[in-house]
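This report concerns only the one structure given below.
The values are calculated or read from the model by the stated rules, or taken from the named source; none is laboratory data. On a predicted model such as this, the values are computed, not experimentally measured, just so you know. All Cβ positions, even for glycine, are placed from backbone atoms using ideal geometry, and neighbour counts span all protein chains on display.
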Amino acid sequence: MKKRPLKVILVSLLSLIAILLLGFYMYTLDYSKSDDSVKALIATSNNISVDKNITAISSAIKTDENIGLIFYPGGKVESSAYIPLLEKISQQGINCFLVEMPLNLAIFDLDAATSVIENHPEIDRWYLAGHSLGGAMASSYVKDNYKRLDGLILLAAYPLNDAPIDTICIYGSYDSVLDQTKLDGVSNKFEISGGNHAYFGNYGAQKGDGVATITREEQQDMTLNKIMEFVNK
């Protein structure tokens, strides 16, 4: 039996890699986009600014401390879908920083929070938050960076490690995407009765998710209240 020439093997291997990379790129093109309410909010807001991959939603409220919240979006979700929730948070005196992830996957910029923190020395206290995959990557980040932060806020996500940082997990009772058994050992958690996975953002329905029995605005208002309780405790 003849051995295949090395050149043929290399060409075949490179072709396979190219096909896999193309397939993955095509996979990332199918993502959930922000709905029309987000565009309307951006068009009428005076406190939203974009610098490269960071959307800053500044607070006009003066507080004793400058508090900052960095947000990692869910996987394959357009980052701007979380502006409505973050805009609500900013109205309570918290400066929010929304990270746009490469290919809409937080796994490709796990350390994004570091540059945000370093570029804003005026912030006294920092919180890191994330939804779904974004929450998982936020949890991964705090493992080696918990000293930079004052708390971790996970929406439809659970901690991936036992980093010594105050953490709250907020999830919907009808969330069929999150493996809720992973929350069994979490001490600080809050279930939004009637909520689901997608309603933390404004990007429509999500495949495999449960049907919420409350409105998106109601879920986000309850989320806001729990976050403010966590920050102000």
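Laid out as a table, the results:
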read-out	value
Residue 73 being closer than 19 Å to residue 115 by Cβ and surrounded by 21 or more Cβ atoms within 10 Å (Cβ to Cβ)	yes
Members of region 142-156 found to be in contact with an Asp or Glu (Cβ under 8 Å, 6 or more places away or on another chain) and buried (at least 24 other Cβ atoms within 10 Å of the Cβ), listed by number	152, 156
Residues of region 164-194 satisfying the condition of being small (Gly, Ala, Ser) and more than 17 Å from the chain's Cα centre (by Cα)	173, 176, 185, 187, 193, 194
Subset of region 175-197 [crowded, with 24+ Cβ neighbours inside 10 Å and either touching a Cys at 6+ places or on another chain (Cβ under 9 Å) or in contact (Cβ under 8 Å) with a residue 60 or more places away in the chain (or both)]	197
Where a residue in region 107-122 is crowded, with 16+ Cβ neighbours inside 10 Å and of a type outside the set (A, V, I, L, M) and its partner, wherever it lies, is part of a helix (DSSP H, G or I) and at pLDDT below 95, with Cβ under 9 Å and at least six apart	109/102
Residue list for region 43-67, filter: buried (at least 17 other Cβ atoms within 10 Å of the Cβ) and over 17 Å from the mean Cα position of the chain (by Cα)	48, 59, 66, 67
Qualifying residue in region 149-167 (condition: at pLDDT 95 or above and part of a helix (DSSP H, G or I))	no
Any hit, region 197-208, residues being under 19 Å from residue 91 (Cβ atoms), out of contact with any Pro (no Cβ under 7 Å at 6 or more places or on another chain) and part of a loop (DSSP other than H, G, I, E, B)	yes
In region 68-119, the residues that are more than 14 Å from residue 153 (Cβ to Cβ), in a loop (DSSP other than H, G, I, E, B) and in contact with a helix residue (DSSP H, G or I) (Cβ under 8 Å, 6 or more places away or on another chain)	75, 76, 78, 100, 101, 105, 110, 111
Matching entry among 164, 159 (being in the same structural domain as residue 65 (by TED's automatic domain parsing) and surrounded by fewer than 20 Cβ atoms within 10 Å (Cβ to Cβ))	164
